[in-house]
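Here's the structure we're looking at; comments come further down.
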Amino acid sequence: MRYLPKSPSERLEMLEAIGAHSIEELFSTIPEALRVKGALRLPAAMSEAELIAFFRDRAAENSQGYSSFLGAGVYNHLRSVVTDAILQRGEFLTSYTPYQAEISQGTLQAIFEFQTLMSELTGQEVANASMYDGSTATAEAVLMAERLTHKRRVLVARSLHPEYRQVLSTYGRSLGHEVIEIGYTRSGELDPDALRAALTEQTAAVVVQSPNFFGVLEPVARIAEMAHSTEALAVVAIAEGVSLGIVRPPAEADIVALETQSFGMPPSYGGPYAGVIATREKFIRQMPGRLAGQTSDAQGRRGFCLTLATREQHIRRERATSNICTNQALYALAATVHLCLLGKQGLREMAEHNLAKAQFALEELQKIPGVERVFSGRVFNEFVVRFPRAVKLVNAQLLREKIIGPLPLGSTLPELTKCGLVCVTETTSRAEIERLAGAVRKILATPL
Amino acid sequence: MSDRIKKASRNVSQNEGLIFEQSAPGKRGMELPPLDVPAADARALLGAEFLRDEVANFPEVSEFEVLRHFTRLSTWNYAIDLGMYPLGSCTMKYNPRVNEFIARLDGIATEHPYQPQELSQGCLKILATLTQCLLEITGMEAATLQPAAGAQGELTGLLLIRAYLASRGNARKKVLIPDSAHGTNPATAVIAGYEVENIRSDARGQIDVQHLKQTLTEDTAALMVTNPSTLGTFEPRIAEVAEILHAHGALLYMDGANMNALAGVARPGDFGVDVMHLNLHKTFSTPHGGGGPGAGPVLVKRHLEPFLPIPVLVEKEGRLRLDLNRPQSIGRVRAFVGNFGVLVRALAYTLAYGPGIRQATEDAVLNANYIRKKLEDVYDLPYNSPSMHEVVFSDARQKKFGVNTLDIAKRLIDYGFHPYTTAFPLIVPGALMIEPTESESRQECDLFIDAMRSIAEEAASDPELVKTAPHATRVGRLDEVGAARHPVLRWKPKSSS
């Protein structure tokens, strides 16, 4: 086998050195009855060429050649080959968690740079590195808020990504937290009256996403102010990081849960990405996940090491702030490299392009008889439109034009039947938007 | 450098500051194609309330500076691609390069989780094939691939146990965890809403079955056991332990972190295990990437299947789809289907071996036993039980000279190796936990053995040399206490600091 660096005679010599007569002898502590008899029924071993062919065949069964208007927590953005070249450096790719600081300074300094970028981006004082993704970062942010406030009731926006809400409920259920859903107004923003009515002294946190699941920006400052009036914490989830290039960061929030997929990570059918929790300095002792800190050696040379580990499971065990161990370090590195490449100007421009293209797409679709914008709130690169018929019917016909249409919302949010979520990024060309609009117009012009 | 050090030589290493320190206004590393729609008036569209002025302190650097910056940083890391990485319990094996190529293919990396399932049959087939392979390797009966890492797999597994027990009328209160377990086990049990009760190991470092029997009550939900244990030894009475638990209505959870000792040789499903997780970033070779990503599939017996997280992959008339209609499900543990790209790599690894995966297991166990044999006369072996894929020594002999496991580990760096795992498992004071994996040649093992023997001599003859190691790295031992006492967790520009 090409991955195994031993010859048959080396194996025999090593067995002899051990003093064993056969390899089976090394497994003799496993009771005979529990040992596998014969070979496992697995597909026959494949050479490199066969492996590539197998996966190319699978790739061909997917969606190549379609234009897509899907977002909803996973976004297609430009990526530089430089990011991937760095990611494939064996020294980053094939190293372990940097517990041994002296031979992990590369990873540690990169984490420190990541924490800096994430703090700046979110308008928070500190950021960790990292959580599994945006959904689990949101759930962990809520658990953190519950620890900080010693309260268990959370008010969660109905406009939070439905899958994030599901993860939150899975994480909280056994700890006995109580989730109260807060609806949205016709603008698509969190309903302030409903929030005011639900807030009590028992509220641990208010959880919103911005831009929210409908692409609508939430008035984070006002929501945070209301939360703070009853000493609840404001937790803000952000699934589309590029928005922060042009949208005010949630500086008033107490905890931000950010998904960084937009920064250099391909959609990859749902992962791997990287989540982040950013917060105020005074809350770091309750923050989950790894942190790198700056320090020095005996000769005064600057270096970095993992720090505040007394929050973590390998030290604190059942009293840890979280059970997270393995995180998404390599993709935190991807975000770091990508954001360094984009830089201050590039991130701004990318955000501007998204804003302009989404606006263009919204106008083009609104020109079609029967298609209307659903929410009046301000949007970044996603918006909801209502069709005169089921989105699934429209989408089925769009597929014939090699277009993957808007995400139907009615199955998860029944009040939004016939509504679809449209996403347009800088990677969507004007021609694609016009082709979508043209196809929708043609489809709707034909009676059912 | 000492001529005792055979594997490594000193090398010039580039200095490099923080990327922020290279920033200058007007530089950039990435350009966008021209905007092909009318530019938007951001102030009008977003309004003053939402418009951001600028992203302060973001770097402005050229593409080549970014490439060089991160390349320089990379050279400060040790990596499995450079040499043996004998971290016990971490299974640092070769991460096949073809897996990286495959995970980046168009049609795989490019797919969106919400695209129609009829246009995702390739992705779903990858998930289905991997599921089949993992079930065959573990002897379990159903699986979810959604958990993002081992600890999330543990949480999923315990939530499954809770849901199953609750469906039978009582979720119970306690999870038993051996004192040799990974820290994630107790941390997870708490999030799953259980109290942790530690159970002690016997004189051989194995589950104390008598003590277990005495501890079991009607409140016990499950026992979480790592097998082989963190001492690298197989629990010979595992099937009996399962029977005892089942007789009390409790379940057996197996932490599969050490599956690299078993693949192709023995199957947890045959031991009476009810739920287990695998760490695909260990046994199934997906890269650790400096700390992640991983994937922690959870495998169960039939009675736990109704509770699996949504979505569940189902096949009907040759078409695969993701089923959300699972009324007894514990819910969702992560958005979308999981760390798909990691699952792709794990499948590529499994298909490369096929049934020959047993050879990898045999070589891993061979290497660990070879190292044990060649070092047991110089390092103390606190538990004499036979080793499987890893061996745990203690620093008892070196302590006499004031040298502890961390010192030996740091000195190993000078010899060109990554340290082994220090000070774990907790039941071995001053542990040296060594896991070579199957990826090391005999030559690399011999170099490691030489280095360890040489350090044992140094510990006796020149303890200061060992206690002040490493000597050949860019930085010496760092002030970790200071780092925690006065945390500096981000760069700030000079003016504001």
Mean Kyte hydropathy of -0.5 or more with a Cα span along the axis of at least 18 Å, helices from DSSP in chain B: B:121-138, B:150-167, B:340-353, B:442-461
Once the dipole of the protein assembly as shown is set up with Lys and Arg at +1 and Asp and Glu at -1 on Cβ about the Cα centre, which of B:LEU304, B:ALA472, A:THR428 lies farthest towards its positive end? A:THR428
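Taking 0.36 nm per intervening residue step and subtracting the Cα-Cα distance, what contour gain separates B:ASP3 from B:GLU317 on full extension?
106.3 nm
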Magnitude of the Cβ-charge dipole (Lys and Arg +1, Asp and Glu -1) of chain B about the Cα centre, nearest 20 debye, reported as 300
Charge dipole magnitude, Cβ of K and R +1, D and E -1 - region B:101-355, Cα centre, debye nearest 20: 360
If you take the beta carbon distance between A:ALA390 and B:GLN14 as r and set R0 to 45 Å, what does 1/(1 + (r/R0)^6) give as a FRET efficiency, to the nearest 0.05? 0.15
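Dipole of region A:81-338, Cα-centred, from +1 at each Lys and Arg C-beta and -1 at each Asp and Glu C-beta, to the nearest 20 debye?
520
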Hey, how many Å between the Cα centroid of region B:134-188 and the Cα centroid of region A:222-271? 31
Remind me, relative contact order of region A:254-362 in percent, using alpha carbon pairs under 8 angstrom and six or more residues apart? 24
Please state, as a whole number in µm²/s, the translational diffusion coefficient that the Stokes-Einstein equation yields for region A:4-128 at 10 °C and 1.306 mPa s, with Rh defined as the Kirkwood radius across alpha carbon pairs. 74
May I ask what percent, to the nearest 5, of DSSP beta bridges between residues of region A:81-338 are antiparallel? 45
Using only Cα positions of the protein assembly as shown, each an equal point scatterer, no hydration layer, compute I(q)/I(0) via Debye at q = 0.05, 0.06, 0.08 Å⁻¹ and quote the log10 values to two decimals. -0.28, -0.40, -0.72
Total formal charge among the other residues, if their Cβ is under 14 angstrom from that of B:GLU60, Lys/Arg +1 and Asp/Glu -1: -3
Taking θ as phi - 60°, what are the ³J(HN,Hα) couplings along region A:167-172 by the Karplus curve (6.51, -1.76, 1.60), each to the nearest whole Hz, with x for Gly and Pro? 5, 4, 6, 5, 5, x
Rounded to whole angstroms and listed largest first, the alpha-carbon spread of chain B along its three principal axes comes to 75, 68, 44
Quick one: Cα centre-to-centre distance for region B:375-401 and region B:105-121, in angstrom? 50
Divide, for region B:197-286, the radius of gyration over alpha carbons by 2.2 N^0.38 Å, where N is the residue count. 1.07
Tally the DSSP beta bridges in the protein assembly as shown and give the antiparallel ones as a percent, rounded to 5. 55
Longest principal axis of chain A (C-alpha) makes with the long axis of helix A:8-18 (C-alpha) an angle, in degrees to the nearest 10, of 70
Filter the cross-link list B:LYS27/B:LYS492; B:LYS173/B:LYS282; A:LYS357/A:LYS402; A:LYS37/B:LYS93 down to pairs whose alpha-carbon distance in this structure exceeds 23 Å. B:LYS173/B:LYS282; A:LYS37/B:LYS93
Using every pair of alpha-carbon atoms in region A:147-192, split the distances into 5 Å bins beginning at 0 and state the percent of pairs per bin, rounded to integers. 5, 20, 26, 21, 16, 8, 3
What residues from region B:119-138 fall in the zone where the backbone N is under 19 Å from a label point 7 Å along the Cα-to-C-beta line of A:GLN397? none
Amide proton proximity set for A:VAL247, modelled H, under 5 Å, gap of 5+: B:ARG52
Dipole check, the protein assembly as shown, charges on Cβ (K,R +1; D,E -1), about Cα centroid: among B:LEU124, B:VAL342, B:ALA148 the Cα furthest to the positive pole belongs to B:LEU124
Please grab the % of Cα pairs in region B:357-482 that end up more than 18 Å from each other. 52
Cα-based radius of gyration of chain A once divided by 2.2 N^0.38 Å, which approximates compact folds: 1.13
Counting pairs of alpha carbon atoms under 8 Å apart in space and at least six apart in sequence, what relative contact order in percent does chain B give? 19
Rule-of-thumb Rg ratio for region B:1-76 [Cα; 2.2 N^0.38 Å; N residues]: 1.88
For region A:81-338, report the % of Cα-Cα distances exceeding 31 Å. 23
For region A:63-87 and region B:272-317, distance of Cα centres in Å: 26
For B:LEU313, other-chain or 5+-apart residues with amide H closer than 5 Å (H placed, Pro excluded) are B:ASP323
For region A:293-350, taking Cα atoms only, what is the radius of gyration to one decimal and the Dmax to the nearest whole Å? 16.7, 46
Environment charge at B:LYS173 (Cβ cut-off 13 Å; Lys +1, Arg +1, Asp -1, Glu -1): -1
Asserting the computed 222 nm helical MRE of the protein assembly as shown (DSSP H runs at least 4 long, -39500 (n - 2.57) per run, divided by residue count, to nearest 500) equals -11000 deg cm²/dmol
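With a ≥ b ≥ c taken as the square roots of the eigenvalues of the C-alpha gyration tensor of region B:168-225, please select rounded if a/c is under 1.5 and otherwise prolate if a/b is larger than b/c or oblate if it is not?
Note, shape of region B:168-225 comes out oblate.
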Helix A:391-400 vs. chain A, principal-axis angle (Cα, 0 to 90°, nearest 10): 70
Relative to the longest principal axis of chain A, what angle (0 to 90°, nearest 10) does the C-alpha long axis of helix A:329-366 take? 20
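We did not get these values from a lab; they are worked out from the coordinates using the rules stated. Computed from a predicted structure; not experimentally measured. Ideal geometry is used to build each Cβ from the backbone, glycine not excepted, and the neighbour counts take in all protein chains shown.
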